[in-house]
Number of protein chains: 2
Amino acid sequence: VSIDDTLFLRIDGVDAVSGAGTVSAADRGLAYGDGVFRTVRMACARVPAWTRHARKLDADCRRLGLPAPDHAAIERDLADIGLRHSDCTVRITITAGASARGYRRSDGARPTLIVRASPVPAWPERFRTDGIALHLCSLRLASQPALAGIKHLNRLEQVLARSEWSDPAVPEGLTLDQAGGAICGTMSNLFILEAGRLVTPDLTACGVAGVQRERILDWAAASSIEARIEPVPLARLLAADALLLSNSVIGAWWAASLRGRRFASPAWYPELCASLGRDD
Amino acid sequence: VSIDDTLFLRIDGVDAVSGAGTVSAADRGLAYGDGVFRTVRMACARVPAWTRHARKLDADCRRLGLPAPDHAAIERDLADIGLRHSDCTVRITITAGASARGYRRSDGARPTLIVRASPVPAWPERFRTDGIALHLCSLRLASQPALAGIKHLNRLEQVLARSEWSDPAVPEGLTLDQAGGAICGTMSNLFILEAGRLVTPDLTACGVAGVQRERILDWAAASSIEARIEPVPLARLLAADALLLSNSVIGAWWAASLRGRRFASPAWYPELCASLGRDD
């Protein structure tokens, strides 16, 4: 992967002449990680479940006290990306904007909107057919209810967790909370399957509550698969029948192995993948 | 305070033509808060205790797995700032640099160095003579030993804590950890004075271990004032004789009030301030 994999970049409605599009050095996104983002998949020039993503952006901005995003601007950018790159990933970043020095937001600060498209990672097909190997991260996530669930720009925990391994055959790592409860992957949400029932960890203290997680919960309800949100201590996870990792770019992966333990593929895995690929 | 209070801005050795100097939108500092910073005071064209700041930058970069900073480049920028603005604040930011999408750092990524000078805030003289009023923040800091002590770019906790009050007569807020132990101010380190003895909270789980805190501990040792690093539950803090808040821009402030409780000024406060203003 090259350092600059940008296919398209637009900042506050202005196209960047190259991938090295620029943001003010005084931007609070850069200074403090003061902002939110989403990474979505564009397929056939559409973003599946865009309405949910837009709603999640609104909710995350509200939680941080940022103004509601300019949906018209974002949707214009997405449409323009779709015309040029019908299949790609798109990261939408909204920061608190440029500001005077200091943690306090300036009254007149205007948010910055950064929309950047990158290629879909070239993951091997066997990740779907054979399942993935999952790394167990030693970094433990902090408990912070004020930020839990939000896809904000303070992602050093994920950066440190992702730096623990480099084997390209291992595409994801599992992170636990300080008490040893399983929370999520570095870039994905987690589900375990126990005797036919889905369980996804409670995210009120840490983790990101992803749109794909919400869609899987809804799919389970529509498919008469019982699903619960509960704490998942590591021992419970290791005793599960199957593990799923989800995000809006990968859809869902099943984990074949973690710490020497083998897991199966859920019988309904193909149906789930097909459902996640559809718009809703 | 205007939104753009930049006096000087240089990015990787290149002067910005205006305060809106620009950084790549693909920079990991912006994408994930992947980087560190320091804010220092320049006085008479010098940065007091620069050697300590340089050492702290090194230590913070090492903890995040970033390359050692280019001290020659930073010192050149500081010297150039000193020629134009002999009295100002300078923020030195080092990010992991531009990178392909994803939490994993690209192998070829080069750090970004951003050096930005701003005016010294116009705090009223009475903050020193009469002490400051301190807000007790309701936001509680997360416990994260992997990041504790580091002045990194993930500062949403401080942004949220600072957004809790807007009274300009209250210049700082006190933040507690999840268990209710006092840790630090939103932008400063904390000391309490108990029967002539200084105590500063233990920062192995959260908070930033500032250079000014280290200098105050050294000053106390040189002044035969006993100083300890210990947990400081809120009740202990409220029972203290005096509270001090320190950082490299303010030096040290004493708090006159917190939650209706009044505190005194330490007898040696003028000597401490004089000492912190000297180089060492």
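The values are calculated or read from the model by the stated rules, or taken from the named source; none is laboratory data. Keep in mind it's a predicted model, so treat the numbers as computed, not measured. Don't worry about glycine lacking a Cβ; one is built from the backbone with ideal geometry, like all the others, and counts go over all protein chains shown. Just the protein is used for accessible areas: all its heavy atoms, side chains included, with ligands, DNA and RNA removed. Shrake-Rupley method; radii C 1.70, N 1.55, O 1.52, S 1.80 Å.
Observations, loosely collected:
- Karplus-derived 3J(HN,Hα), 6.51/-1.76/1.60, for each residue of the range A:157-174, Hz, glycine and proline x: 4, 5, 4, 5, 4, 5, 7, 6, 9, 10, 4, x, 6, 10, x, 8, x, 9
- Shape of the range A:76-127, Cα gyration tensor, a/c cut at 1.5: oblate
- The reciprocal of the average 1/r between distinct C-alpha atoms defines the Kirkwood hydrodynamic radius, which for the protein assembly as shown equals 24.7 Å.
- Here the range A:107-129 is scanned for amide nitrogen atoms under 12 Å from the site 7 Å beyond the Cα of residue B:166 along Cα-to-Cβ, giving A:107-109.
- As a calculated quantity, the FRET efficiency between residue B:110 and residue B:72 at R0 = 22 Å, using C-beta atoms, amounts to about 0.90.
- Summary for residue B:13: label point 7 Å along Cα→Cβ; distances to the equivalent points in the other copies, ascending, 3.8 nm.
- Mean sequence separation of contacting Cα pairs (under 8 Å, at least six apart), scaled by the length of chain A, corresponds to a relative contact order of 18 percent.
- Rounded if a/c under 1.5, otherwise prolate or oblate - the range B:48-170, Cα gyration tensor axes: oblate
- The Cα-based radius of gyration and maximum Cα-Cα distance (Dmax) for chain B are 18.8, 55 Å.
- Whole-percent pair-distance distribution, where bins are 5 Å wide, for the alpha carbons of the range B:1-86: 3, 12, 19, 24, 23, 14, 5, 0
- Apportionment of accessible area to carbon and sulfur, the range B:85-142, percent (1.4 Å): 48
- Estimated buried accessible area (total), pair B and A, 1.4 Å, Å² to nearest 100: 5000
- Sorted largest first, extent of the range A:172-280 alpha carbons per principal axis (Å): 37, 27, 24
- Each Lys or Arg adds one and each Asp or Glu subtracts one; over the other residues with Cβ under 14 Å from the Cβ of residue B:76, this totals -4.
- Computed Rg/Rh of the range A:125-193, alpha carbon atoms with Kirkwood Rh: 0.98
- Panel note: the C-alpha atoms of the range A:93-162, placed on their principal axes, show extents of 53, 31, 18 Å (largest first).
- Lysines with Cα under 16 Å of residue B:151, excluding same-chain neighbours fewer than 8 positions away: B:56
- Angle in degrees between helix B:71-84 and the longest Cα principal axis of chain B, rounded to the nearest 10: 80
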